[in-house]
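No lab work stands behind these numbers, since they all come straight from the coordinates. Because the structure is a prediction, the values reported are computed rather than measured. Glycine also receives a Cβ, built like all others from the backbone with ideal geometry; neighbour counts cover every protein chain displayed.
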Amino acid sequence: MNDDVELEKVPIHRGLIRTNLVLGGDRELVMFAGLIAGTLVFYTWEVKAALVGIIFWSFALWVLRMMAKHDPKMRQTYMRHRLYRGYYPPKSTPWRDNTATQGRQYRDPWKIT
């Protein structure tokens, strides 16, 4: 075989794999925090509420930026984490039902009852 054969290079555009961030934070969470702050400001039309809304918006944006710096997909990771159960009993197949005595035998040792 010819060792001089060069592999074809396929460009992967950065915009297709980059996470969707707005103002340095997760897009949906930043927009939701802005919606809450804007609702607080424009619903009441008071100076105190405007200050609270601006402080809330600034704090939420700071927290969301720190979260995105640590892991840009943290929201998706957290939402997937919430789908998992706390304990999976040992079973030979997914269709096998453990009896009550077997369930007590394989209980979670760290769970306080």
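Just to verify a result, which residue in segment 9-51, among those that are in contact with a Pro (Cβ under 9 Å, 6 or more places away or on another chain) and loosely packed, with under 11 Cβ neighbours inside 10 Å, is nearest to M66 (Cα to Cα)?
Per the criteria, the residue is N20.
For A49, indicate whether it is farther than 29 Å from T77 by Cα, of a type outside the set (S, T, N, Q) and assigned to a helix (DSSP H, G or I).
Criteria met by A49.
Under 7 Å by Cβ, and 6 or more places apart or on different chains, what pairs join a residue from segment 11-26 that is in a loop (DSSP other than H, G, I, E, B) with one that is β-branched (V, I, T) and surrounded by 10 or more Cβ atoms within 10 Å (Cβ to Cβ)?
Within 7 Å, the pairs are L23/V30.
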